[in-house]
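Presented below is the structure to which this report refers.
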Amino acid sequence: MNKLSMYKTILGYMEGNIKWPIYAPMPGQLVTQALIHCSQCRVMISGNMGPRNDAWCVPCTDEGIKATAKEKVVARKKAAAEKIAAKKKIELEAAAKKKADAEAENRRI
Ligand SMILES: [Zn+2]
């Protein structure tokens, strides 16, 4: 990493993934003269270095990450609720079996 790359401006991300940033061009860098638009909100990310059809602007990436985190929380809560429901079902089945066994025992006596 050279000294300049530490100060690179991030314009957006590829496919909304923070692992693949789109950096602003460095001074003297050769670039294509084609626009990059955000694939989510259509805002212009850059006037050059395009075309890219899978770019996301920084706000959309942030929103996407938040939405993904929210989905994960919802999924985790749902899984926990299902686990509790399954446990309850097993307990109810065990209680019903116990009751049936007790009734059978009473009939024998
Ligand atoms: Zn956007």
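The values are calculated or read from the model by the stated rules, or taken from the named source; none is laboratory data. As the structure is a computational prediction, the values presented were derived from the model and not from experiment. When we count neighbours, we look across all protein chains shown, and the Cβ atoms used for this are built from the backbone with ideal geometry, even at glycine.
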If you go through LYS19, LYS78, LYS97, the only one that is under 17 Å from the mean Cα position of the chain (by Cα) and assigned to a helix (DSSP H, G or I) is LYS78
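Might you check whether a residue that is farther than 30 Å from MET14 by Cβ and surrounded by 10 or more Cβ atoms within 10 Å (Cβ to Cβ) occurs anywhere in segment 66-78?
Initially, segment 66-78 is screened for residues farther than 30 Å from MET14 by Cβ, giving 77-78.
So of that shortlist, the ones also surrounded by 10 or more Cβ atoms within 10 Å (Cβ to Cβ) come out as 77-78.
Scanning segment 66-78 turns up at least one residue that is farther than 30 Å from MET14 by Cβ and surrounded by 10 or more Cβ atoms within 10 Å (Cβ to Cβ).
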Taking segment 25-64 as the region of interest, how many residues are more than 15 Å from GLU15 (Cβ to Cβ) and either in contact (Cβ under 8 Å) with a residue 40 or more places away in the chain or within 9 Å of the ligand (Cβ to nearest atom) (or both)? 3
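With respect to GLY50, is the statement that it is exposed (fewer than 11 other Cβ atoms within 10 Å of the Cβ) and not in a helix (DSSP H, G or I) true? Give the steps one after another, and end with the answer.
Details: exposed (fewer than 11 other Cβ atoms within 10 Å of the Cβ): no; not in a helix (DSSP H, G or I): yes.
Against the criterion (exposed (fewer than 11 other Cβ atoms within 10 Å of the Cβ) and not in a helix (DSSP H, G or I)), GLY50 does not qualify.
Give ASP54, ASP101 a once-over and let me know the one that is modelled with pLDDT under 95 and touching a Ser or Thr at 6+ places or on another chain (Cβ under 9 Å). Working first, answer last.
On the way: ASP101 fails: touching a Ser or Thr at 6+ places or on another chain (Cβ under 9 Å).
Going through ASP54, ASP101 in turn, the sole match is ASP54.
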Taking LEU92 as meeting all but one of (1) away from the ligand (no atom under 16 Å from the Cβ); (2) surrounded by 10 or more Cβ atoms within 10 Å (Cβ to Cβ); (3) assigned to a loop (DSSP other than H, G, I, E, B), write down the number of the exception. (3)
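Looking only at residues that are hydroxyl-bearing (Ser, Thr, Tyr) and farther than 20 Å from LYS66 by Cβ in segment 11-40, which one is surrounded by the fewest Cβ atoms within 10 Å (Cβ to Cβ)?
Only one residue tops the list, namely THR32.
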